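First up is the structure itself, then whatever we jot down about it.
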Amino acid sequence: MKKKVLSLCGAVLIITFFSIFLKNKYFVSKTQPSVINLALDNSFDSLDPAKAYSDDSLLVSAQVLEPLYQYHYLKRPYEIQPLLAEELPRFSENSKNLVIKIKSDIMFHPHPAFGGKPRFLKAEDFVIQFKRLAFEKLKSPGKSLFSGLIKGFERFGDEVGERWEKIPDVDLEGVKALDDHSLQLSLTRAEPNIIYYLALNFVVPIPWELVEYEKNNLDHVLIGTGPYWLSSFKNNYFDLFKFKNYRKDYYPTAGDRYANMEKLLDSSKQRIPFTDQVRFHVTSQEQERWDLFNERKIDLISVPKTFIPKLYDSSGKLNEEFASRNIILKHFPILANRWLAFNMRHPLIGKNLNLRKAIAYAINYERYIELLSQNTNLRSNSILVPGITGYQPAKEFLLNYNPEIAKDYLRKTGFSSIESIPEITYSTRGNQAIHLKEAEFIKKELEAIGLKIKIEILNFTDFIKKGRAGELMFFTDNWLFDYPDGENIIQLLVSKNFPGVNKSGYSNHLVDDLYLQLKKTNNLDRRFSIYQEIEKQVLNDLCWIPMMYESSFVLQYPEIKNFRKSSIIRNYVKYLKVEE
């Protein structure tokens with residue numbers, strides 16, 4: 001793990017000397033700075049906003065980079081508000097064209113590409129990033145969002161080819177800078193989720209000078225307009241510091257019932273960010289992360305599921321060790337789903353529906369949830385999650401634990417006997433203790449009906465690489481929603497997204513067609529109907545077995561104020577305050 005993380009170090013250090021040289025001019029410096037220590041669960045290979053798509057890389061990036069829009073920190077249901085934009089988009093009558101006014105006097109963090117001069121935000125910086133998404137060689141996961149949506153998007157990619165140097169010179173019909181502070185998007189159709197897309201890390205502004213200086217390799221470069229700047233990576237952590245020239249921005253003045261009850265509005269109208277320094281510790285092992293929290297080397301922690309029993313004493317109260325230190329425990333629902341997935345292009349498991357059904361009936365779902373979450377998560381009854389349009393709370397479970405039915409399906413697989421069925425490889429989604437425990441449970445369940453299971457232990461980075469290349473056979477997957485609409489998870493089932501985020505290699509013409517219909521309608525009743533049709537087809541094909549909806553326990557020290565967990569709000573660090 002350390003070697004993978006250290007691969008980031010060399011390139012990050014390219015800008016470190018320059019950053020230190022300019023520190024007194026551009027960045028806050030105090031004798032005793034306030035510091036917040038946070039944890040990252042996994043290493044990652046890229047910070048390039050066109051490519052970064054893991055929760056950990058996005059968490060670091062969100063403190064440094066800023067898109068046009070963000071989610072209101074203290075309101076649920078989620079509410080979009082301007083960030084780098086002055087206001088919400090101005091749509092034409094047919095909703096296919098929109099103009100976005102951009103704030104003025106927004107300064108980028110210094111970088112040698114800017115020649116030692118302040119560099120201010122321009123609409124053209126967004127144009128450059130949209131073009132980078134269309135640039136085929138980057139293989140951006142965000143490309144699928146805009147392909148077929150932005151006019152001329154595919155044509156731009158074809159014309160530029162593999163020559164990134166041509167990016168500024170080739171026209172992208174659907175994205176124009178009308179002037180330095182006006183951006184125009186021209187779409188091929190009305191898109192109900194376009195405002196959500198514009199709040200994603202994929203479409204942050206990127207100056208051409210930076211692209212040119214770094215030769216379009218931004219894997220280890222993070223230069224943005226955000227409240228924090230990335231200093232360096234060393235000793236297995238990333239250091240971020242408050243940007244002195246960050247514009248005047250303020251803590252929210254309104255919130256929902258939860259925000260009021262939890263006194264999250266006490267900092268209203270105060271200027272943000274509050275904290276001078278943020279340190280992200282890379283800790284892939286759960287025990288290490290747990291120890292760091294107990295040693296007060298990190299300030300808050302999403303509790304690993306295996307440690308949940310340690311939170312409470314025999315009477316169900318917070319254990320004395322934590323209570324005596326005034327440590328706070330909170331439980332948050334999150335927009336996240338977990339499922340077992342099959343590679344539908346694999347000649348064994350992907351081509352044999354009866355084999356997949358046998359596996360589905362062989363899993364003891366209640367025991368799985370007890371083992372993986374200490375019964376703090378709910379079993380999934382859908383590929384959608386609660387809080388998302390299209391989700392049906394009363395939907396019955398399609399599959400239930402029944403080993404006898406599982407064995408009946410094994411007899412229908414076409415093999416001469418159960419013993420003659422080839423070995424199945426299950427790949428872990430990481431190498432933490434919880435992933436190994438999950439793998440052993442699944443292996444035991446399936447061996448009980450006569451299957452032969454081999455466990456392939458992968459770290460998270462290798463899991464993502466192999467998954468997106470279609471090289472996994474059978475695995476657990478998980479999805480933290482990027483925006484609060486069911487379309488966000490259904491994109492993982494669209495055939496054009498393989499290879500890529502469609503790790504199952506699932507391909508169904510009906511689902512592809514329904515997905516296109518979904519993207520063309522704003523009618524809520526029709527969208528709900530489409531969700532149901534897609535789900536019915538997906539579960540009939542059984543490329544996924546829904547397992548459980550995730551939730552999160554968080555422990556935090558009492559000095560840390562204003563924290564509210566969200567799976568889609570990642571730029572929350574600017575709202576955190578340390579009060580001794």
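The values are calculated or read from the model by the stated rules, or taken from the named source; none is laboratory data. The model shown is predicted, which means the values in this text are computed figures rather than measured ones. Here Cβ is always computed from backbone atoms with ideal geometry, including for glycine, and neighbour counts include all displayed protein chains.
Here are some notes:
- Matching residues in the stretch 420-435 - criterion: being modelled with pLDDT of 95 or more, under 27 Å from Lys466 (Cα atoms) and surrounded by fewer than 19 Cβ atoms within 10 Å (Cβ to Cβ): Pro422, Glu423, Thr425
- Of residues in the stretch 357-366 being within 28 Å of the chain's Cα centre (by Cα) and not small (Gly, Ala, Ser), the one farthest from Gly450 (Cα to Cα): Glu366
So that you can scan it fast, the table gives a plain yes or no per residue for (1) surrounded by fewer than 20 Cβ atoms within 10 Å (Cβ to Cβ); (2) in a strand (DSSP E or B):
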site	(1), (2)
Pro192	yes, no
Ala199	no, no
Leu210	no, no
Ile223	no, no
Trp229	no, yes
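- Per this entry, Val160 is not counted among residues that are surrounded by 15 or more Cβ atoms within 10 Å (Cβ to Cβ) and within 11 Å of Phe130 (Cβ to Cβ).
- Meets criteria (surrounded by fewer than 18 Cβ atoms within 10 Å (Cβ to Cβ), free of Cβ contacts under 8 Å to residues at least 60 places away in the same chain and among the hydroxyl-bearing types (Ser, Thr, Tyr)) for Ser57: no
- Hits in the stretch 350-379 - residues which are among the hydroxyl-bearing types (Ser, Thr, Tyr) and either modelled with pLDDT of 95 or more or outside any loop (DSSP other than H, G, I, E, B) (or both): Tyr361, Tyr365, Tyr368, Ser373
- Checklist (1) modelled with pLDDT under 95; (2) in contact with a helix residue (DSSP H, G or I) (Cβ under 8 Å, 6 or more places away or on another chain); (3) crowded, with 19+ Cβ neighbours inside 10 Å; (4) not assigned by TED's automatic domain parsing to the domain that holds Phe528 applied to Leu384, failing item: (4)
- Candidates are the residues of the stretch 51-87 that are farther than 17 Å from Arg564 by Cα and polar (S, T, N, Q); the one that is farthest from the chain's Cα centre (by Cα) is Gln81.
- Cross-chain or 6+ apart pairs with Cβ under 7 Å, the stretch 142-159 first and in the same structural domain as Lys131 (by TED's automatic domain parsing), then β-branched (Val, Ile, Thr) and not in a loop (DSSP other than H, G, I, E, B): Ile150/Val175
- Test: residue in the stretch 34-47 that is in contact with a Gly (Cβ under 9 Å, 6 or more places away or on another chain), part of a loop (DSSP other than H, G, I, E, B) and not hydroxyl-bearing (Ser, Thr, Tyr): yes
- Selection count where residues are within 20 Å of Ile560 (Cα to Cα) and among the small types (Gly, Ala, Ser), scope the stretch 303-350: 2
- Hits in the stretch 402-419 - residues which are surrounded by fewer than 17 Cβ atoms within 10 Å (Cβ to Cβ) and either in contact with a Ser or Thr (Cβ under 9 Å, 6 or more places away or on another chain) or in a loop (DSSP other than H, G, I, E, B) (or both): Asn402, Arg411, Lys412, Gly414, Phe415, Ser416, Ser417
- Selection status of Asn294, in contact with a Leu (Cβ under 8 Å, 6 or more places away or on another chain) and free of Cβ contacts under 8 Å to residues at least 24 places away in the same chain: no
- Residue in the stretch 539-554 that is surrounded by fewer than 20 Cβ atoms within 10 Å (Cβ to Cβ) and free of Cβ contacts under 8 Å to residues at least 12 places away in the same chain present: yes
- Lone unmet requirement of (1) in contact with an Asp or Glu (Cβ under 9 Å, 6 or more places away or on another chain); (2) at pLDDT below 95 for Ser144: (1)
- Filter result for Thr389 (under 21 Å from Glu447 (Cβ atoms) and in a loop (DSSP other than H, G, I, E, B)): no
- Hey, Phe120 at pLDDT 95 or above, farther than 28 Å from Thr521 by Cα and either of a type in the set (A, V, I, L, M) or in contact with a strand residue (DSSP E or B) (Cβ under 8 Å, 6 or more places away or on another chain) (or both) or not: yes
For (1) over 20 Å from Leu576 (Cα atoms); (2) free of Cβ contacts under 8 Å to residues at least 40 places away in the same chain; (3) under 20 Å from the mean Cα position of the chain (by Cα), each residue gets a yes or a no:
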{"site": "His220", "(1), (2), (3)": "yes, no, yes"}
{"site": "Phe233", "(1), (2), (3)": "yes, no, no"}
{"site": "Pro252", "(1), (2), (3)": "no, no, no"}
{"site": "Leu265", "(1), (2), (3)": "no, no, no"}
{"site": "Ser268", "(1), (2), (3)": "no, yes, no"}
{"site": "Arg271", "(1), (2), (3)": "no, yes, no"}
{"site": "Gln287", "(1), (2), (3)": "yes, no, no"}
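- Annotation note: of Leu88, Leu83, the sole residue that is surrounded by 17 or more Cβ atoms within 10 Å (Cβ to Cβ), among the hydrophobic types (A, V, I, L, M, F, W, C), at pLDDT 95 or above and within 29 Å of Asn260 (Cβ to Cβ) is Leu83.
- Test: residue in the stretch 293-309 that is surrounded by 15 or more Cβ atoms within 10 Å (Cβ to Cβ), under 22 Å from Thr428 (Cβ atoms), in the same structural domain as Phe475 (by TED's automatic domain parsing) and touching a helix residue (DSSP H, G or I) at 6+ places or on another chain (Cβ under 7 Å): no
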